[in-house]
1. Determine the distance separating the Cα centre of region 97-171 from the Cα centre of region 172-243; give it in Å without decimals.
2. When N is the residue count of region 1-146, what does its C-alpha Rg come to as a fraction of 2.2 N^0.38 Å?
3. For region 399-494, run through the GluC sites (Glu not before Pro) and keep only the ones in DSSP coil with at most 14 other Cβ atoms within 10 Å of their Cβ.
4. Assuming 0.36 nm per residue, please report the length gained on full extension of the stretch residue 15 to residue 149 beyond their Cα-Cα distance.
5. Scale the Cα Rg of region 405-487 by the rule-of-thumb value 2.2 N^0.38 Å and send over the ratio, two decimals.
6. Quick one: of the DSSP bridges fully inside the chain, what percent are antiparallel, nearest 5?
7. Output the Cα-based Rg and Dmax of region 475-606 in Å, rounding Rg to one decimal and Dmax to a whole number.
8. State, to one decimal in nm, how far the label point of residue 443 lies from the label point of residue 296, with both points 7 Å from Cα in the Cβ direction.
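Just so it is clear, none of the values below were taken in a lab; they were calculated from the coordinates. What you see is a predicted model, and the numbers here were worked out from it, not measured in a lab. All Cβ positions, glycine included, derive from the backbone under ideal geometry; neighbour counts span all protein chains shown.
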Amino acid sequence: MTLEQTLAARAAVESAIAGRTLCDVLRDTAATRGDLPAYSDKLGDDGNGWRTLTWTQVRETALDLAAAMIEAGLPAGGTVAIMGSNRTEHVLADIATLHAGGIPMSIYNTLAPEQVGYVAAHSSPSIAILEGPDQLARWALALEAAPETTVVTMDADSWDAFIAKGRAYRAANPGAVDERSAAVTPDATATILYTSGTTGDPKGVVLSHHNVLFESQTSLDTGELHEPGVTLSYLPFAHIAERILGIYIPQFQGGHVHLIGDPALLAPSLLEVRPTRFFGVPRVWEKIRTGVSAKLAAEPDAARKAGIEQALAVGLAWVESTQTGSTTSPELQAQFEAMDAAVLTPLRGALGLDRVEWAASAAAPMPEDVARFFAGLGLRIFDVYGMTETTGSATSNGPASFKLGTVGRPQHGIELELAEDGEILIRGPINTAGYHKAPGPTAELIDDEQWIHTGDIGVIDEDGFLKVVDRKKEMIITSSGKNIAPSNIENYLKESPLVGHAMVIGEGRPYVVAVLTLDGEIAPLVAQKMGIEASSLSELAQNPAILAVVGQAVEAANARLSKPEQVKAFELLSGEWTAESEELTPTLKLKRRVVTSKYSDVIGRLYGD
């Protein structure tokens with residue numbers, strides 16, 4: 001797309017959202033879809049079913065909460081911190097804050113008290129809305145340092161009392177909330193999102209109503225999502241993708257969002273809700289793939305297994321034929337439709353994905369073998385690329401512009417360039433104005449020509465599709481001067497169903513080594529099939545037969561790598577990596593510095609130090 005075409009597309013999006021804020025958007029959606037379901041949640045698998053609010057109920061309850069916030073002393077432009085799982089109270093608090101003229105900030109549930117203290121001191125929230133005892137404990141230091149902060153918890157007594165106060169205040173002061181809402185402009189801050197802090201203290205990304213509405217509109221246009229969807233919301237609301245898909249686009253377009261408070265309930269919720277749209281970070285798709293692969297491998301009926309494999313091959317061929325530059329022949333289309341009806345739709349149905357019309361992935365590049373596996377199921381996963389600082393996706397695949405192994409082309413109205421060193425640069429109305437109270441980091445992020453420097457290295461192919469190579473700061477340069485992208489090697493290693501996580505090391509070293517973990521769900525099943533008895537993952541990680549299979553996986557990965565990239569030594573660790581154990585961010589990305597520090601003794605052994 002030429003610059004002229006990009007600017008024309010930008011103007012079209014700007015025209016669609018001109019002068020509007022999220023307060024306007026919700027008002028209009030409630031007016032047109034008021035009696036339709038908006039948000040449902042299920043707080044744990046307690047058998048009580050879903051709680052559901054209509055769009056009218058969402059707006060009215062949010063206005064009562066906004067009134068309560070004003071009465072509690074929230075100034076216009078003041079911040080409200082929210083720490084809780086994905087439940088209706090979290091969404092309502094976010095919406096209410098905007099209508100009170102404030103700035104909502106969802107805080108990761110996994111932050112330690114010291115990290116919460118840093119964020120609280122940096123953002124000075126007037127109100128903290130916390131889910132329960134765990135969140136209160138994480139906020140103890142922050143609240144001790146700022147005792148004037150109003151605290152509301154999401155338990156029935158505190159929450160209902162706060163709403164009641166707001167309802168009474170709103171009745172006595174009927175214009176108070178409307179005045180605050182009317183004063184909100186498109187350039188006003190819609191949220192401050194503190195990055196998960198993979199490098200140093202978290203930075204608060206400031207996003208405006210205009211940023212959010214432009215991102216919502218251009219995402220819907222690129223994805224050709226013309227009708228409201230049925231979705232699941234299970235990633236943290238402190239993550240920009242979940243905010244766009246779970247809070248902003250639903251208000252913008254309507255639809256029915258099912259909030260999953262515990263990510264462990266994702267699999268059964270998929271089967272129950274059968275969403276029409278589904279988003280997952282690569283690790284979520286990898287876990288689904290691993291489970292399906294294990295079941296297919298265990299299929300006892302040879303004829304049925306062969307039939308499934310044939311259907312998967314047809315599904316992959318069909319998806320490949322829908323890529324930009326390719327054509328689906330009538331014969332392949334007919335063959336796919338037959339296989340889809342007989343085999344692939346039931347397979348997707350067993351996962352709860354049979355109604356999915358739009359599936360996507362982001363946060364890290366999707367391993368191509370995972371995308372191709374789901375393509376075999378007849379499911380196109382539209383990989384997208386962006387960051388919190390670009391309000392989410394800046395490039396994306398979509399029905400009309402799709403290529404496996406890439407993160408798509410720039411979305412409507414967004415400019416994309418590569419710097420001389422291959423760094424991906426983004427410019428457009430989705431770009432943040434900067435970091436909260438951090439002029440230095442802001443100057444490093446945004447140059448004088450308003451390009452955001454993403455810190456990622458990429459390549460653009462002849463059709464304009466972007467492929468992300470790796471993080472600029474994570475590229476490995478060995479002692480012999482070889483440049484190596486670690487994520488490529490790690491994705492090959494994780495193709496083994498036994499391997500849960502992998503991290504390769506080699507910066508300034510003569511060769512590459514890896515630390516690996518077992519997949520906590522699949523490894524015990526594989527061990528059982530091998531006749532291995534073990535009481536824990538730790539015991540499995542020391543089993544010679546398991547080590548031998550993992551060693552074969554390393555050899556298989558090495559066979560696909562150049563000599564400098566090959567893993568010369570590895571160690572299988574005894575535990576899993578999680579956000580709570582600090583090796584992963586809340587969105588399941590590796591914290592390389594944490595792993596390097598925490599397992600320095602292991603790395604030393606691998607190099608014979």
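1. Taking the Cα centre of each part, region 97-171 and region 172-243 sit 19 Å apart.
2. Ratio of Cα Rg to 2.2 N^0.38 Å: 1.26.
3. Details: sites: 415, 417, 420, 423, 444, 449, 462, 474, 490; in loops: 420, 449, 462.
Sparse-neighbourhood loop GluC sites (Glu not before Pro): 420, 449, 462.
4. 44.2 nm
5. Normalised Cα radius of gyration, region 405-487: 1.21.
6. Numbers: 40 of 71 bridges.
Here the antiparallel bridges make up roughly 55 percent for the chain.
7. Rg and Dmax of region 475-606, Cα atoms, are 14.5, 45 Å.
8. 5.4 nm
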